[in-house]
Ligand SMILES: Cc1ncc(C[n+]2csc(CCOP(=O)(O)OP(=O)(O)O)c2C)c(N)n1
Ligand code: SF4
Ligand SMILES: [Mg+2]
């Protein structure tokens with residue numbers, strides 16, 4: 001994972017967030033991905049979302065597996081601890097970190113290879129566990145880092161650069177997540193910052209695991225005609241179900257123009273969902289009967305889009321009453337890492353009296 | 001054998017019929033009479049219906065390794081009659097259920113066959129198949145009490161403690177015990193020539209299994225995150241940890257829990273969770289056995305290369321593959337020592353019994369934090385799942401955990417630049433920071449090439465610098481891990497090297513050999529990496545035997561590789577059939593072999 005330090009040149013007129021940090025403070029090392037790689041746009045959206053939310057950088061833990069996508073944790077929030085783990089196993093490492101320190105904002109970045117093949121088991125079980133984290137899949141339909149093999153999200157009929165055609169059915173991470181009980185599911189496109197940033201903000205604020213599948217074209221291996229994960233294909237077939245607009249409890253930042261409009265200008269239905277942290281997500285659906293709080297109709301909508309060759313995007317499902325890992329484990333409100341030894345060790349008197357049980 | 005407070009017997013039953021509690025009752029009664037005792041549960045990998053045995057050894061001198069021979073076998077499972085009758089020593093006894101005529105299979109010259117109609121007695125006394133089956137076990141316990149001279153007052157006391165809150169069960173158990181006891185007194189000559197006499201040799205001791213003790217060690221060390229995937233024989237470790245945490249770590253007012261136990265989807269995830277939690281600053285562990293160790297390989301390499309503390313309890317069982325899950329062995333010595341691809345090495349602690357499992361569990365967490373690396377605690381099925389008599393566990397309240405080199409926000413203030421992997425002290429250990437500390441403390445963990453600043457590198461020199469530091473760190477570990485235990489005998493020319501659960505049998509063999517005029521020193525290795533002292537021991541003995549429980553002499557190989565001692569200088573004694581080691585195996589190998597002949 002290469003990353004090159006960026007020249008530091010602070011712009012005097014850059015806006016600051018409530019922590020007094022500029023957007024530059026949320027950036028990371030210089031990307032070494034291919035020019036035009038969709039993953040870099042996702043990085044930019046994460047930077048934007050974290051800055052707007054005024055996430056304290058030191059509270060964030062950036063977790064990833066292995067792949068071009070997994071490299072991106074080095075390209076944002078340089079003031080945060082990062083952990084580039086092993087291929088397909090980010091979810092378990094993230095779960096361990098989240099279990100140990102509930103005060104961390106865990107940001108997990110993965111790829112379609114990382115999450116849907118080698119790491120499919122870990123993805124589904126992290127969802128079931130409802131680890132408190134943002135889980136981004138930068139989905140390009142290929143293994144970028146190993147030079148362009150099909151991934152498990154490649155659509156039937158999609159073609160590799162060399163002309164090979166995929167004949168196996170794809171795994172749709174969004175449908176999968178819904179069926180294993182995910183409590184927050186969104187999808188967007190790396191090229192659509194307008195839509196992606198608010199989804200990321202809502203996802204970060206969600207209590208539990210928030211899965212965001214981002215179609216993120218690989219310009220080198222999968223951005224040609226015949227690829228269903230190309231820029232062109234995605235632009236033509238993107239159907240936004242729900243526009244999300246996350247509003248924190250006290251929002252110091254001007255966010256006008258961010259995700260406030262729906263993509264097609266219909267008279268939309270608006271739904272306001274209160275999240276655990278006190279913030280709200282305002283969901284604007286393009287079809288008035290779309291209900292992002294109903295798992296079954298979300299499933300139906302996504303499948304229907306799929307049948308029409310369209311990709312459902314937006315905030316597709318949210319269960320704002322979800323019980324996260326720590327709620328289920330009833331872990332102490334003080335992070336486990338902050339407990340003192342006296343709080344943990346029963347001491348010699350307890351041991352003495354316990355010994356009677358073994359007589 | 002075969003005297004007062006010196007004998008062994010085994011009971012053959014069918015698993016799932018409730019014999020386990022009867023066997024526990026027998027063992028505990030003997031223990032309460034103040035007599036040293038050990039029990040070995042030889043059980044099948046099955047829930048119900050297959051043969052299972054329980055061996056009990058009584059030894060006033062305190063030799064509690066598995067008994068070299070059996071003075072009596074209680075044969076209650078027709079499916080194993082042939083095997084059971086053959087297991088009795090010449091001149092020994094066989095006790096069977098004489099509700100039916102003596103089966104042909106049980107006839108044997110040179111032994112005494114005793115019969116008590118347990119089945120018939122229970123059919124007459126109790127209602128219902130389930131109750132009759134369960135209480136038949138208690139009935140044979142009563143007969144054994146009469147035959148062996150177990151104090152019935154002690155038995156009654158134990159029954160009262162166990163069933164005190166369930167009067168109906170208590171009555172039935174008392175009745176069944178009496179049935180068996182009275183029948184034996186009436187039908188047989190009681191007690192037998194080998195029998196029990198009260199002693200006072202257990203008052204400072206307990207009966208405990210190693211998994212329970214290790215779990216307790218984890219609680220006392222302050223472990224807060226446990227991740228696991230069920231596997232015999234390690235499962236009961238996390239179950240015990242859960243129980244102790246519920247007892248000691250739940251806030252009575254808020255109900256909040258000061259622990260997190262995650263049952264993962266597999267051992268890969270269990271390792272990942274452990275490493276993630278260790279990185280975040282918790283004391284974290286996972287418990288597993290051979291197949292799990294195989295699955296954890298990639299993560300072990302990551303934790304090694306990225307300097308992350310974590311504790312791995314490996315309760316070893318018979319491999320390869322699924323092997324014999326309910327049989328004991330020490331088959332993972334090499335796969336732990338060098339776990340994962342690339343150049344890797346991991347410290348291993350080898351407890352010999354549950355007492356040491358408790359101590360070493362605590363040490364493992366200190367070492368993991370100090371050395372910032374995975375630490376194995378290599379127990380096995382025999383230590384982990386059998387009840388052992390050990391000294392009462394003790395705790396020193398002045399203990400403070402060694403969290404190793406961790407920089408706080410204030411420490412970071414004073415630094416011009418924090419470099420995660422810079423070896424300032426020359427011990428190969430660089431100071432770490434925990435996520436949440438912020439500012440200069442942030443760094444990027446990666447399993448890919450990194451330099452001392454934790455930045456990505458593909459530069460040869462930077463790479464070598466890092467892996468050489470890890471080598472220095474491993475060398476430094478030698479100064480921190482527990483030293484070997486040595487029991488010397490004046491004038492000994494033979495050296496016996498062993499590890500882990502072989503200890504009891506090897507010490508007994510040392511005594512038996514002395515009685516034959518063969519003097520041997522014993523060295524029990526307690527950790528990897530090995531101290532110089534181990535090399536000196538090998539070099540200073542005319543002939544050295546390395547006693548271990550695997551086919552391929554893995555400890556000997558590790559000694560050869562790591563200490564550079566020649567293969568010819570060590571003769572392996574290998575016992576790998578899956579049962580705990582007996583002193584006889586060692587004595588026969590040493591006394592039977594001309595000294596100094598290599599294998
Ligand atoms: C255990 C293991 N097997 C194989 C690899 C090789 N490998 C590295 S990245 C990768 C695929 C990455 O694909 P994806 O997650 O989609 O990321 P992308 O590069 O497309 O962003 C593979 C197979 C590895 N690092 N580890
Ligand atoms: S290979 Fe594809 S995924 Fe990887 S950096 Fe290049 S464009 Fe991005
Ligand atoms: Mg990919």
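Any read-out appearing in this document is the output of simple, stated calculations on the displayed coordinates, not a laboratory observation. All of these numbers come straight from a predicted model, not from anything done at the bench. Note: ideal-geometry Cβ built from the backbone for every residue, glycine included; neighbour counts use all protein chains shown.
Taking the Cα centroid of region B:213-266 and of region B:346-367, what is the distance between the two, rounded to the nearest whole Å?
17
What is the average number of partner chain Cβ atoms found within 10 Å of a Cβ in A:332-343?
On the way: counts 11, 3, 2, 5, 14, 10, 3, 6, 1, 8, 3, 5.
Average neighbour count from other chains, rounded to a whole number: 6.
Tally the DSSP beta bridges in the protein assembly as shown and give the antiparallel ones as a percent, rounded to 5. Each step should come with its number before you reach the end.
Working: 52 of 141 bridges.
Among the beta bridges of the protein assembly as shown, antiparallel pairing accounts for roughly 35 percent.
Among DSSP bridges having both ends in chain A, what percentage is antiparallel? Round to the nearest 5. Don't jump to the answer; show the numbers that get you there.
On the way: 23 of 54 bridges.
Expressed as a percentage, antiparallel bridges in chain A total about 45.
How far is it, in nm, from the label point at residue B:413 to the one at residue A:352 when both lie 7 Å from their Cα along the line to the Cβ?
Those two pseudo-labels are separated by 4.3 nm.
Among rounded, prolate and oblate, which fits region B:485-592 when a ≥ b ≥ c are the square roots of the eigenvalues of its C-alpha gyration tensor, a/c under 1.5 means rounded, and a/b larger than b/c means prolate? Could you put the intermediate results ahead of the total?
On the way: a/c = 1.61, a/b = 1.14, b/c = 1.41.
It comes out oblate by the Cα gyration axes.
Which of the peptides B:359-366, B:7-14 is most tightly packed, and how do the rest follow, judged by the mean count of other Cβ atoms within 10 Å per residue?
Working: B:359-366: 25.4, B:7-14: 23.9.
Answer by packing, highest mean first, reads B:359-366, B:7-14.
In degrees, nearest 10, range 0 to 90: what is the angle between the Cα axis of helix B:554-563 and the longest Cα principal axis of chain B?
Helix B:554-563 sits at roughly 30 degrees to that axis.
I'd like the distance separating the alpha-carbon centroids of region B:377-444 and region A:52-76, in whole Å.
Region B:377-444 and region A:52-76 have Cα centres separated by 25 Å.
Per DSSP H run of at least 4 residues, take -39500 (n - 2.57); add these up for chain A, divide by its residues and hand me the 222 nm value, nearest 500 deg cm²/dmol.
Details: 12 runs with 103 residues, N = 359.
Value at 222 nm, helices only, nearest 500: -8000 deg cm²/dmol.
What does the structure give for B:439-451 when I average, per residue, the other chain Cβ atoms found within 10 Å of the residue Cβ? Don't skip to the answer; put the middle values down first.
On the way: counts 3, 1, 3, 11, 4, 13, 8, 10, 7, 5, 1, 2, 0.
Partner-chain Cβ atoms within 10 Å, mean over residues of B:439-451: 5.
Quickly estimate the mean residue ellipticity at 222 nm for chain B, helices only: each DSSP H run with n ≥ 4 gives -39500 (n - 2.57), and the total goes over all residues, rounded to 500.
Working: 20 runs with 230 residues, N = 599.
Here the helix-only value at 222 nm equals -12000 deg cm²/dmol.
What is the mean number of Cβ atoms from other protein chains located within 10 Å of the Cβ atom of each residue in peptide B:576-585, rounded to a whole number? Display every interim value, and only then the final one.
Values: counts 0, 0, 0, 0, 0, 0, 0, 0, 0, 0.
Shielding by partners across B:576-585 averages 0.
Could you state the number of Å between the C-alpha centres of region B:1-27 and region B:82-158?
11
From zero outward in steps of 5 Å, how is the percent of C-alpha pairs of region B:1-78 spread across the bins?
Taking all Cα pairs of region B:1-78, the binned fractions are 3, 17, 27, 24, 16, 9, 4, 0 percent.
When the Cα atoms of the protein assembly as shown are enclosed in a convex hull and the volume is divided per residue, what value in Å³ results? Could you put the intermediate results ahead of the total?
Values: hull volume 191.2 nm³, N = 958.
Spread over its residues, the Cα hull of the protein assembly as shown gives 200 Å³ apiece.
Can you tell me the relative contact order of region B:409-477? Whole percent, Cα pairs under 8 Å, sequence separation 6 or more.
Details: 83 pairs, mean separation 21.1, N = 69.
That works out to 31 percent.
Within a 10 angstrom radius of the beta carbon, how do B:353, B:200 rank from fewest other beta carbons to most? Mind showing how you got there, number by number?
On the way: B:353 24, B:200 9.
So the ranking, lowest neighbour count to highest, is B:200, B:353.
If you count, for each residue, the other Cβ atoms within 10 Å and average over each peptide, how do A:72-82, B:570-580, B:26-36 line up from highest to lowest? Don't skip to the answer; put the middle values down first.
Values: A:72-82: 26.0, B:570-580: 20.4, B:26-36: 22.9.
Top to bottom by mean Cβ count within 10 Å: A:72-82, B:26-36, B:570-580.
Between the helical axis of B:129-148 and the dominant principal axis of chain B, each derived from Cα atoms, what acute angle in degrees is found, rounded to the nearest 10?
The angle comes out at about 80 degrees.
Give me the angle, in degrees from 0 to 90, between the Cα long axis of helix B:167-187 and the longest principal axis of the Cα atoms of chain B, rounded to the nearest 10.
Roughly 50 degrees, rounded to the nearest 10.
Highest mean first, what order results for B:130-141, A:187-198 on Cβ atoms within 10 Å? Before the final figure, lay out the partial values.
Values: B:130-141: 22.8, A:187-198: 24.3.
Result, highest mean first: A:187-198, B:130-141.
Indicate, rounded to the nearest 5 percent, the antiparallel portion of the DSSP beta bridges found entirely in chain B.
Working: 29 of 83 bridges.
In chain B, DSSP labels about 35 percent of beta bridges as antiparallel.
In whole Å, what are the Cα extents of chain A along the three principal axes, biggest one first?
Sorted largest first, the three principal extents are 74, 49, 48 Å.
Suppose a student asked you for the relative contact order of chain B, using Cα pairs under 8 Å spaced at least 6 residues apart; what percent would you report?
Result for chain B is 12 percent.
Please compute the Cα-Cα pair-distance distribution of region B:409-477 with 5 Å bins starting at 0, giving whole percents from short to long.
3, 18, 25, 23, 19, 11, 2
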